[in-house]
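Below: the structure, in structure tokens.
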Amino acid sequence: MNTPTSTTGVERVGVSLGIGAGETVGLVGESGSGKSTIGRAVLGLNPVHAGRIRFEGVDITHATRNTRRGLADRLQVVFQDPYSSLNPARTIGQTLAEPLLVHGWSQRVPTEERVAEMLERVGMPADTARRYSGQFSGGQRQRIAIARALMISPRPVICDEPVSALDLSIRAQVMNLLADLQREFGLGYLFIAHDLPVVRHLSHRIVVLYRGRVMESGDAEEIYSEPAHPYTRALLAAVPEPDPRAQRARRQSRTDTVAVRPPGLSGCVFAHRCPYAVEICHVERPVPLTLAVSGAGRPVGTDAGPGSGASAGPAAAGSAVRSFAESPAGSPAHSPAESPAESPARSPARSAAGSSALRPGSSALRVDRSVACHRAAELNPHPHRQPQPRR
């Protein structure tokens, strides 16, 4: 499932994704779509009944407890709730030092110095190590949780809705912190959330999940600005709009996706809610259709058109990842390393995290859009390639 240069990969019925070094893959969908289940399966917290999980080329789907223990220094997590993820009976210094002691790092790295260093990097004051978690706010606790995850220099970090419990101002601070740390350490993130604007701010690629299946995947900016799947459009329509007229229009569009019949056992899993569904949608599962990015052949992160002389070259080591949409052909997709001349409309965190400085020598590459919808070609003006028949 994984290409040799990707860090972590997941493959199961309906879901296939990979995370490269220095890349953020956003996993979005409403509650119950299976986002956290995938993250917990990667961490070994949920059993896997089908599919495979590969880490650095090794199948860890059914790894033993001892194997998982050995992986913990390279695979870490930031949980959603900053209040329950820290032990209130231990000082912050004891909490942060525990990974070093468990994995034998205390013999190589001075524990107190490492704790002080990580607290400083997440913007916490020097006396934090002597205090208890109950003395900090939610945003401060989440910064501490991030410091704990990075104590032993992991490669990928599973971020399971790390900002959903925070207010807006603290949320922005934590997201910018994650982007800064990614730029500094070359971290790969699986960023799980239900809010598309939040995911867009930090992610290079987005995969949209519904009832355990990928509806759409591709470059974050492309999916946000031009959603191709009706479910993705419904998610964006659920985002509050300050303009009352625009909000009324969005509210009306959401009523079109209210379920009018129970979901069937066959066909598209979104067909019972889709306003564009036809008979085939209820009886046959759609094969993902590959849509080209806007401006066919335009490299991601540039304003160059097909005739501008811009070209896409091979990705540098650590940036090539497999397309996460289920694809019988198994064709590789590349991580969208950003062009130096990135549009100012991009969010600051995503611009920093997606800069070519993370991947020395890499080129701006096109990321194909994959949409699992029978009517994708009709509903979207993008150039597209016909799907290959299932094997």
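The values are calculated or read from the model by the stated rules, or taken from the named source; none is laboratory data. Keep in mind that this is a model prediction, so the values were computed, not measured. Don't worry about glycine lacking a Cβ; one is built from the backbone with ideal geometry, like all the others, and counts go over all protein chains shown.
Structure values in brief
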read-out	value
Residue within the stretch 107-117 that is of a type outside the set (Asp, Glu), more than 24 Å from the chain's Cα centre (by Cα) and crowded, with 21+ Cβ neighbours inside 10 Å present	yes
Condition met for Pro88 (in a loop (DSSP other than H, G, I, E, B), buried (at least 19 other Cβ atoms within 10 Å of the Cβ) and in contact with a Gly (Cβ under 7 Å, 6 or more places away or on another chain))	no
Verdict on Ser137 being surrounded by fewer than 24 Cβ atoms within 10 Å (Cβ to Cβ), touching a helix residue (DSSP H, G or I) at 6+ places or on another chain (Cβ under 8 Å) and among the hydroxyl-bearing types (Ser, Thr, Tyr)	yes
Tally of residues being out of contact with any helix residue (DSSP H, G or I) (no Cβ under 7 Å at 6 or more places or on another chain) and either outside any strand (DSSP E or B) or not basic (Lys, Arg) (or both) across the stretch 207-220	7
The stretch 121-159, residues that are charged (D, E, K, R) and either touching a Lys or Arg at 6+ places or on another chain (Cβ under 7 Å) or touching a residue at least 12 places away in the same chain (Cβ under 8 Å) (or both)	Arg121, Arg130, Arg131, Arg141, Arg143, Arg148, Arg155
Some residue of the stretch 247-256 being surrounded by 24 or more Cβ atoms within 10 Å (Cβ to Cβ), β-branched (Val, Ile, Thr) and either in contact with a Phe, Trp or Tyr (Cβ under 8 Å, 6 or more places away or on another chain) or part of a helix (DSSP H, G or I) (or both)	no
Selection status of Leu202, surrounded by fewer than 24 Cβ atoms within 10 Å (Cβ to Cβ), at pLDDT below 95 and either among the hydrophobic types (A, V, I, L, M, F, W, C) or more than 20 Å from Phe270 (Cβ to Cβ) (or both)	no
Residues within the stretch 1-29 that are at pLDDT 90 or above, touching a helix residue (DSSP H, G or I) at 6+ places or on another chain (Cβ under 7 Å) and either in a loop (DSSP other than H, G, I, E, B) or over 25 Å from Arg69 (Cα atoms) (or both), tallied	5
Matching residues in the stretch 186-199 - criterion: being more than 20 Å from Val269 (Cα to Cα) and either part of a loop (DSSP other than H, G, I, E, B) or modelled with pLDDT under 90 (or both)	Gly186, Leu187, Asp195, Leu196, Pro197, Val198
Conditions (1) within 17 Å of the chain's Cα centre (by Cα); (2) of a type in the set (S, T, N, Q); (3) part of a loop (DSSP other than H, G, I, E, B): number failed by Thr232	(3)
Residue match in the stretch 109-120 (condition: in contact (Cβ under 8 Å) with a residue 40 or more places away in the chain, of a type in the set (A, V, I, L, M) and assigned to a helix (DSSP H, G or I))	no
Any hit, the stretch 149-164, residues being among the acidic types (Asp, Glu) and touching a helix residue (DSSP H, G or I) at 6+ places or on another chain (Cβ under 8 Å)	yes
Residue check, Leu166 outside any helix (DSSP H, G or I), at negative phi, at pLDDT below 90 and not hydroxyl-bearing (Ser, Thr, Tyr)	yes
Qualifying residue in the stretch 282-292 (condition: within 27 Å of the chain's Cα centre (by Cα) and at pLDDT 90 or above)	yes
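One line per residue, one yes/no per condition, for (1) assigned to a helix (DSSP H, G or I); (2) over 25 Å from the mean Cα position of the chain (by Cα):
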site: Ala97; (1), (2): yes, yes
site: Thr128; (1), (2): yes, yes
site: Gly134; (1), (2): yes, yes
site: Arg148; (1), (2): yes, no
site: Val157; (1), (2): no, no
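A quick yes/no check of all residues on (1) surrounded by fewer than 19 Cβ atoms within 10 Å (Cβ to Cβ); (2) in contact (Cβ under 8 Å) with a residue 40 or more places away in the chain:
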{"position": "Gly26", "(1), (2)": "no, yes"}
{"position": "Ser31", "(1), (2)": "yes, yes"}
{"position": "Val42", "(1), (2)": "no, yes"}
{"position": "Asn46", "(1), (2)": "yes, no"}
{"position": "His62", "(1), (2)": "yes, no"}
{"position": "Arg69", "(1), (2)": "yes, no"}
{"position": "Pro82", "(1), (2)": "no, yes"}
